[in-house]
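Below is one structure; the comments refer to it alone.
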Amino acid sequence: MRSYLILGMCGLFLIQYFARLHWLEPVIIVMTLIAFAGSATKANPTARWYGIVMLIVGVTLEWGKGTGFQGISDGISMNLPLLTLVILVPLLSLPLKLGGYFSAIHLFLQGLRHHPRSLFSGITSVLFILGPILNLGSVRMVDELLKDLKLPPALLAKSYLVGFSTTMLWSPYYAAVGLVLYYLQIPVTGYMAYGIGLALLFLLIGNILFAISQSRHPLNMESEATEFTEDIVKGYRTKLLQMGIIIVVLMTTTFVLESLTHWSMLVIVSLLAIAFPLGWGVITKGWSRLIPHWIDFRDQSVPLMNNEIVLYTSAGLLGRAMQGTDFGSGIGWALTTLANQSFMLFAVCVVVTIVAVTFIGIHPMVIVTALVTQMNAEQLGTTNPILAMLLMLAWSISSVLSPVNPLNLMVSRLTGLSGLQVGLRYNGWHLLIVAVLGIGIITIIH
């Protein structure tokens with residue numbers, strides 16, 4: 001029943017985005033609050049208490065400002081576009097699963113198993129491409145495909161985090177990018193060149209560092225040789241090419257629709273997440289294969305969105321409530337003063353603040369929301385795309401480094417290494433170089 005409530009909330013939000021029905025708005029708010037209450041009981045303790053505290057503080061601030069129920073309603077609906085995207089985006093993976101593309105990736109990576117540098121490049125490239133669509137599921141999927149190869153944990157820890165963290169810098173299908181662009185009101189086409197440029201550069205740096213490490217301390221790759229026939233090789237290469245074309249078409253469609261319609265990018269991605277599997281079912285006539293996956297998405301994936309529902313709902317309310325308060329104005333004043341003194345110092349402080357806060361267990365979305373809602377590019381003497389690059393750089397670094405971040409926790413569990421080993425020991429140099437180079441590039445562009 002809760003899954004129907006959550007999906008109904010997303011569906012009604014999309015209808016309201018276009019229809020603008022006054023009577024529908026309070027219905028959506030009530031559904032969101034019920035979804036929040038139901039998810040709070042099932043979320044992990046950290047997300048639950050941070051969410052409840054942010055909700056209470058947000059309500060208190062809105063009431064104190066005199067905005068009353070209208071202000072609270074506006075705050076609760078603030079992150080609904082983002083929450084809808086997070087919930088619906090996993091639907092994009094259904095045609096890829098059913099189309100045999102994951103099997104092609106398996107064969108592709110197996111063919112590289114005796115060449116550590118090529119394998120590292122292959123893993124990071126696959127995560128770079130699939131991360132935006134499958135989210136953290138891309139890491140689980142790749143790990144499942146590589147289990148039979150028994151690869152060294154060090155290689156997995158480095159490749160998983162280098163590959164996936166770069167998607168946070170550029171992809172409009174990833175929630176982190178969606179949140180920042182949404183609050184800064186930047187069209188995805190106005191940011192893409194910056195984001196994908198940084199992402200590709202950092203992907204290259206990660207591969208170079210691994211190549212240097214491999215030359216100094218070669219990894220022991222123990223796996224039996226498997227020969228592939230020419231037909232098998234040709235088959236998986238065709239599948240990989242098809243998958244690449246599909247992803248390019250999806251991305252291009254997003255850009256074109258945003259340019260032509262000026263709809264929110266979050267809404268466009270949510271609509272594509274629904275339309276893509278439906279279109280695949282029509283074209284391939286594969287409804288009998290698709291329906292069980294729809295049911296699995298409804299019954300398994302949606303109920304697991306507890307942390308996201310709690311955090312995104314409460315952070316949106318708190319971020320809006322802070323606007324116009326003395327505390328919010330103080331944050332804005334401090335950021336503006338620092339940026340006017342030295343933009344590089346401002347950039348360093350933003351990155352360090354976000355990394356430090358997330359390291360102790362606070363989701364990066366919470367601190368990024370608090371900062372971005374108080375930032376004014378004109379007062380800071382810069383532009384919104386520059387601020388977006390800075391925030392995404394900090395979010396990406398913090399996700400790898402923090403031992404309580406979902407990405408770090410997942411890689412730690414999959415590799416059998418501790419969170420500090422995964423973040424600092426095996427990716428410390430990469431993060432340091434990325435941070436220094438990223439801040440330098442952003443300052444120069446600024």
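By its C-alpha gyration tensor, with a ≥ b ≥ c as the square roots of the eigenvalues, how is segment 21-88 shaped: rounded for a/c under 1.5, else prolate for a/b larger than b/c, else oblate?
Judged from the Cα gyration tensor, segment 21-88 comes out oblate (a/c at least 1.5, b/c at or above a/b).
Tell me the label-point distance for the pair Thr261, Phe69, using the 7 Å Cα-to-Cβ offset, in nm and rounded to one decimal.
3.2
For labels at Arg140 and Trp333 in the simple 7 Å Cα→Cβ model, what's the distance in nm?
4.7
Over the chain, with a Gaussian network built from C-alpha contacts below 10 Å, which listed residue (Met168, Met31, Met389) shows the highest mean-square fluctuation?
Of Met168, Met31, Met389, the most mobile in the Gaussian network model is Met31.
Can you list the lysines whose alpha carbon is less than 20 Å from that of Lys239, not counting same-chain residues fewer than 8 positions off?
Cα-Cα hits under 20 Å: Lys97, Lys285.
Roughly how big is the chain's charge dipole about its Cα centre, with Cβ charges of +1 (Lys, Arg) and -1 (Asp, Glu), in debye to the nearest 20?
Dipole size: approximately 480 debye.
What span do the alpha-carbon atoms of the chain cover on each of the three principal axes, reported in whole Å from largest to smallest?
Extents along the principal axes: 71, 55, 42 Å.
For Gln341 paired with Ser103, estimate the spin-label separation in nm (one decimal), with each label point 7 Å from Cα along the Cα-to-Cβ line.
About 6.2 nm separates the two model spin labels.
Using mean Cβ contacts within 10 Å as the protection proxy, how do 401-408, 288-295, 353-360 order, highest first?
401-408, 353-360, 288-295
In degrees between 0 and 90, to the nearest 10, how far off the longest principal axis of the chain does helix 2-19 point, with axes built from Cα atoms?
Helix 2-19 sits roughly 70 degrees off the main axis of the chain.
Run the Debye formula on the Cα coordinates of segment 71-195, all scatterers equal and no solvent, and tell me log10 I(q)/I(0) at q = 0.14, 0.17, 0.22 1/Å.
After summing over all Cα pairs, the log10 values are -0.68, -0.90, -1.24.
Which residue, Ile274, Ser73, Pro218, has the largest displacement toward the positive end of the dipole of the chain when charges sit on each Cβ (Lys, Arg +1; Asp, Glu -1)?
Pro218
Using only Cα atoms, find the angle between the long axis of helix 265-284 and the longest principal axis of the chain, and express it within 0 to 90 degrees, rounded to the nearest 10.
Value to nearest ten degrees: 40.
Only helical DSSP H runs with n ≥ 4 go in: add -39500 (n - 2.57) per run for the chain, normalise by residue count and round the 222 nm mean residue ellipticity to 500 deg cm²/dmol.
That calculation yields -25000 deg cm²/dmol at 222 nm.
Looking at Val27, His115, Gly99, which one has the Cα that reaches farthest to the positive end of the dipole of the chain (charges on Cβ: Lys, Arg +1; Asp, Glu -1)?
After comparing all options, I get His115.
Does segment 55-98 come out rounded, prolate or oblate by the C-alpha gyration tensor, with a ≥ b ≥ c the root eigenvalues, rounded set by a/c under 1.5 and, if not, prolate when a/b is larger than b/c and oblate if not?
Cα axes put segment 55-98 in the prolate bin.
Quote to one decimal, in nm, the extra length available between Leu7 and His114 on full extension: 0.36 nm per residue of separation minus the C-alpha distance between them.
Length difference between fully extended and current span is 34.0 nm.
Bear in mind these aren't lab numbers, they're just calculated from the coordinates by the rules spelled out. Just so it is clear, the model here is predicted, and its values are computed rather than measured. In this analysis, Cβ positions are derived from the backbone assuming ideal geometry, glycine residues included, and neighbour counts consider all displayed protein chains.
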